[in-house]
1. Which of the residues spanning region 65-89 are at pLDDT below 95 and either more than 15 Å from the chain's Cα centre (by Cα) or buried (at least 24 other Cβ atoms within 10 Å of the Cβ) (or both)?
2. Within region 223-304, considering only helices (runs of 4 or more DSSP H) that don't extend past its boundaries, which have at least 1 residues that are within 30 Å of G52 (Cα to Cα)?
3. For region 217-236: of the residues being in contact with a strand residue (DSSP E or B) (Cβ under 8 Å, 6 or more places away or on another chain) and open to solvent by 80 Å² or more (accessible area, probe 1.4 Å), which is nearest to the ligand (Cβ to nearest atom)?
4. Filter region 116-134 down to residues that are open to solvent by 50 Å² or more (accessible area, probe 1.4 Å) and under 18 Å from the mean Cα position of the chain (by Cα), then give me how many there are.
5. Taking the conditions exactly as written (away from the ligand (no atom under 16 Å from the Cβ) and outside the structural domain of T48 (by TED's automatic domain parsing)), does K271 satisfy them or not?
6. Take the residues of region 28-64 that are over 14 Å from the mean Cα position of the chain (by Cα) and buried (at least 24 other Cβ atoms within 10 Å of the Cβ): which is farthest from G138 (Cα to Cα)?
7. List pairs: first residue in region 243-262 and open to solvent by 60 Å² or more (accessible area, probe 1.4 Å), second residue more than 16 Å from the ligand (Cβ to nearest atom) anywhere in the structure, Cβ distance under 7 angstrom, at least six positions apart or on different chains.
8. Would you confirm, using the coordinates I've provided, whether K283 is of a type in the set (D, E, K, R) and within 16 Å of the ligand (Cβ to nearest atom)?
Amino acid sequence: MPVSSDPMAGDLLVRAIAPADELRLVAAVTTDVVREAARRHGTTPLATIALGRALTSGLLFATMTKGEERVTLQLVGGGPIRAVTVDANAQGDVRGYVKNANVPGVVHRGRVQLEATLGRDGVVNVTRDLGLRELYQGQVALTNGEIDEDLEAYLRTSEQVPSALSCEVVLGENGEVLRAAGILIQALPGGEADAITRAQHRLRTGALHKLLSRGDVDPHALVEQLSPSQPVEFLADRPVRFQCQCSEERIRSTMQLLTVVDLDEMIAEGKPAEVTCNFCNQKYSIEIEELERLRAEHAPRENN
Ligand code: ZN
């Protein structure tokens, strides 16, 4: 069974343009995506917010070309959460995890600051796979550890596209995910960079958080209310979901990378080996017979 959030869920990504200022806009409601990620990883409230901002950013990042795009975002910092990694594709699938899902801390009302969670010092790594054999990789320093602001700075400095990005997760009193969403506004070539500055200002002063705190929202409404330029024209929309790529087969093929020493240790334990997928926390059990078979495959090579 593939690991994914409920396909009947309401999470949706919409694309739009604002022709007057030549802007492109992408907004996504990701409430079920973030809920599923929090459930799978058992995240504390601050870890849920960090992971949710990154998952939503990943989905928005994977919409920049027309083709089969895959994007991996990794933010590494000196704070207790240590790292956030997400992986998204143009079909609307996203998966991700944080290094420390148990990061403690109290969530206050309003936009939560993640500076003390991820840390101010660290790096943002972005890898784009456009299906053309080559990978495009970029790295910038963290701006402030807020994740969406760090990724916005990455787009501006490394990809040189004037961009405004905001992603939010609103939690209930018990840390449950009430709503999650994000918006990315970019200037097309020749577009109006001042409009991006206006959008950034509104987003930095909490516009998205306010909309999400009031009640359920539709991504079309997010675009209409947060666009710095009117009118907007809607292009395609697509459902988005938490979806991992792992499977029993894939886990088995990664097991082939284990050394003889690793395999001997696992066999000596005398019980099936448990392998957990980082991205979705799914556990796979590898029987001893399978370990012994892998060990036997190794033997001739190791003896050369
Ligand atoms: Zn997985």
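The values are calculated or read from the model by the stated rules, or taken from the named source; none is laboratory data. Values in this document were obtained by computation on a predicted structure and should not be read as measured data. Counting neighbours? That spans all protein chains shown, and the Cβs are built from the backbone with ideal geometry, glycine included. Quick note on the areas: whole protein, heavy atoms, side chains included, nothing else; ligands and nucleic acids left out. Shrake-Rupley method; radii C 1.70, N 1.55, O 1.52, S 1.80 Å.
1. Of everything in region 65-89, those that are at pLDDT below 95 and either more than 15 Å from the chain's Cα centre (by Cα) or buried (at least 24 other Cβ atoms within 10 Å of the Cβ) (or both) turn out to be T65, K66, G67, E68.
2. Values: elements: 248-255, 260-268, 288-303.
Correct list: 248-255.
3. Of region 217-236, the ones in contact with a strand residue (DSSP E or B) (Cβ under 8 Å, 6 or more places away or on another chain) are 217-220, 222-223, 226-236.
Next, only the ones that are open to solvent by 80 Å² or more (accessible area, probe 1.4 Å) stay: 230-231, 233, 235.
Details: Q230: 42, P231: 42, E233: 37, L235: 31 Å.
Out of the qualifying residues, it is L235.
4. 1
5. The answer is yes for K271.
6. T43
7. Q256/L294
8. Spelling it out, K283 is indeed of a type in the set (D, E, K, R) and within 16 Å of the ligand (Cβ to nearest atom).
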